[in-house]
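Asker: Take this structure first; my questions come after.
Here, each number is a calculation from the coordinates, and none is a lab measurement. All figures in this text were calculated on a predicted structure; none of them were measured in a lab. Glycine also receives a Cβ, built like all others from the backbone with ideal geometry; neighbour counts cover every protein chain displayed.
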Amino acid sequence: MPARFSLPQVHIGTLIAFLLTLAWIGVALPGSARAQDTEGGVPEFHCFLSPNELCDVFIGDTIEVHFEVDSTAVQFNGYELTLQYDPNLIDFVDIAEGPLMTNACGTRFQNVSFTDSTITYSHVILCNGVSIDGPGRLSSFQFVTLAESTGETEITIASDPDRLFVDAGLWVWHDHPTFPRQVVYLDGGLTHFYINDPLSSSVGEDGIDDEAGISAAEAAFGARLFVLPNPVSSADGRIDVAFSRPLPTSAYVELIAPDGRRALGPWTLDAGRTDLSLDIGAGAGRSLPAGTYFLRATSGEASLSKRIVVIP
């Protein structure tokens, strides 16, 4: 399984107590009362996951989901987001802070906790008198689709809207001074996607027909790259490399270690090839330590990479 992301485990209660103290000594949020002055009723405060739908996800792909807000003049200084997902189809890999948080304040609190199917991420700025409004990206979450797991699934916000955003150490609820605020999850607060098998019958002589959403690197290379299974057992070590189109020119494939050095390879593919089977484990007399590697395909000046997790 991919390595789990970890942050210092600071209890959220400790954070709230600290921020409550700041609020008590007069560290107010500039403009936090503006939401009350809005004419025409309670303003909607929109938060959402993007993209809302992914249709070109394959086994072994890494996918990234962003948590964003699009509202302005409804201040907050933190949030505690819970995302729910199906652990039979995808696994959590990493979290990255979004520019809305990093640009607002140089000192930020982060904490993450897990269950088998949820991630709870606490994320608060800790600058005197600073608050945030939208629009912008708050954080990004990276997942990997699991080997031999195809199907339709979702990543969805499981947080209670009234206990998601934080002002000066206080959850925003109906009696809070900065209320009224109506938190709305746009598009239901979910990312919906379809995990497909690149080695299924949908890959014919001409490759996969639907190439919508390919990256600039894939466009330059002239094909998409898939690796199965992923993770792979070092004892077995058999992996299949597939391309969504016949290679327009010859290419070579190599396995790159985390330090950037070549771990195995290179293997050469002639123009017109669409697949390659590799033995990277004990069966080929190799001793490849467990860990994270990158399988890199290079053709001329273009290259593609896929992360591979090797397990014992």
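Asker: Computed over the Cα atoms of the range 120-160, what is the ratio Rg over Rh, Rh following Kirkwood?
Answerer: On the way: Rg = 16.0 Å, Rh = 14.4 Å.
When Rh is taken as the Kirkwood radius, the ratio is 1.12.
Asker: Further question on the same structure: With only alpha-carbon atoms counted, please give the Rg and Dmax of the range 214-311, in Å.
Answerer: Just the Cα atoms of the range 214-311 yield Rg and Dmax of 12.9, 37 Å.
Asker: Excluding Glu154 itself, calculate the net charge of residues whose Cβ lies under 13 Å from the Cβ of Glu154, where each Lys or Arg counts +1 and each Asp or Glu counts -1. Write out the running numbers ahead of the final one.
Answerer: On the way: positive: none; negative: Glu53, Asp86, Glu152, Asp187.
So the environment of Glu154 carries a net charge of -4.
Asker: What is the local net charge at Leu295, summed over the other residues whose Cβ is closer than 10 Å to its Cβ (Lys, Arg +1; Asp, Glu -1)? Mind dumping the intermediate values first?
Answerer: On the way: positive: Arg296, Lys306, Arg307; negative: Glu254.
Value of the local net charge: +2.
Asker: Within 12 Å, Cβ to Cβ, of Glu97, how many net charges do the neighbouring residues add up to if Lys/Arg are +1 and Asp/Glu are -1?
Answerer: On the way: positive: Arg108, Arg137; negative: Asp94.
Every neighbour counted, the sum reads +1.
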